[in-house]
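To keep things clear, I will list the structure first and then write my remarks on it.
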Amino acid sequence: MKNNKAEPRVVLITGASRGIGRELALKFSGRGDTVYINYFASEGHAIELVSEIQKNGGEARPARADVSSPKAVNEMIFKIIEKDGRIDVVINNAGIVSHATVPKLEDAQWDSVIGTDLSSAFYITRACAKQMMKLKTGAMINISSISGVKGAFGSSNYAAAKAGLISFTKSAAIELGRFGITVNAVLPGFHMTGMGKNSSERYIEEAKSSSVLGLTTDMGELVDFIYMLSKIKTVSGQVFNWDSRII
């Protein structure tokens, strides 16, 4: 009898120790995939998450790397491929915020946010694409933000990074489509995760009041959608606004 059970995939999620990344790691591992939990500073949270997944019978491994460093990214990707032979799904989720209006925004604030929220996706995609191109398959999902479309008061660095991520997604999809690699972006909506709680009161109030449903995004629905998107073979170069705020 033919075994129709799908092969477990190797999944890399950046910034996976907390927030949306953590929930994605639980979702993918819970469906049988081997998940690499990328983190940099939050080692305790990452190790705790790996332990939780393993206790529940899933496969997860920590992958420490500063994803704003191309050298660190290349070393991380090399180790993963050396261990598992491939990477099937990449979710560029790493992101930080550093609030200030443009006149008060320091160079370091700009550089750190652009490096973590935008450049990291380029470094990860470049490193993984070479291996995916050989296999003629792969899925890349970039976690952007509605701020990248509408802008955000006191967060021009974050908005610029997320806008760049949208354009990068479309360009990478055009280039990699002929190799069977899908590249999509998701605007995940507003959640009271660590990043959400660090948003300005003004932004939090605007996020709630501008929802046509008067609701914030449901985390369970979001991770279900991203999991589904990772398995779709015929959709690429798209930006999905998983939100009830109209752009």
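Bear in mind that the values in this text are calculations on the coordinates, not laboratory data. Worth saying up front: this structure is predicted, and the values here are computed from it rather than measured. Don't worry about glycine lacking a Cβ; one is built from the backbone with ideal geometry, like all the others, and counts go over all protein chains shown.
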Exercise for the section: Would you list the membrane-span-like helices of the chain, meaning whole DSSP H runs whose alpha-carbon atoms span at least 15 Å along their axis and whose mean Kyte-Doolittle value is at least -1.0? Expected result: 19-30, 43-55, 70-84, 120-135, 156-176, 219-231
Problem - Listed peptides 169-180, 141-152 by packing density, highest first (mean Cβ within 10 Å) - result: 141-152, 169-180
Handout entry: Ranked Thr116, Thr137, criterion: other C-beta atoms within 10 Å, fewest first
Key = Thr137, Thr116
Practice task
Taking 7 Å along the Cα-to-C-beta vector as the label spot, tell me the Arg64-Arg126 distance in nanometres, rounded to one decimal.
Solution key: 2.5 nm
Fill in the blank from the handout: Mean separation of Cα contacts under 8 Å (at least 6 apart) over the residue count of the range 27-102, i.e. the relative contact order in percent, is 25 percent
Exercise for the section: With r as the distance between the Cβ atoms of Thr137 and Ile247 and R0 = 25 Å, compute the FRET efficiency 1/(1 + (r/R0)^6) and round to 0.05. Expected result: 0.20
Handout entry: Relative contact order %, the chain, counting alpha carbon pairs below 8 Å whose residues are six or more apart
Key = 18 percent
Problem - Cα-based Kirkwood hydrodynamic radius, the chain, one decimal, Å - result: 18.2 Å
Practice task
Collect residues whose amide H, placed 1.01 Å from N in the peptide plane, falls under 5 Å from the amide H of Glu59; neighbours closer than 5 in sequence don't count.
Solution key: Val35
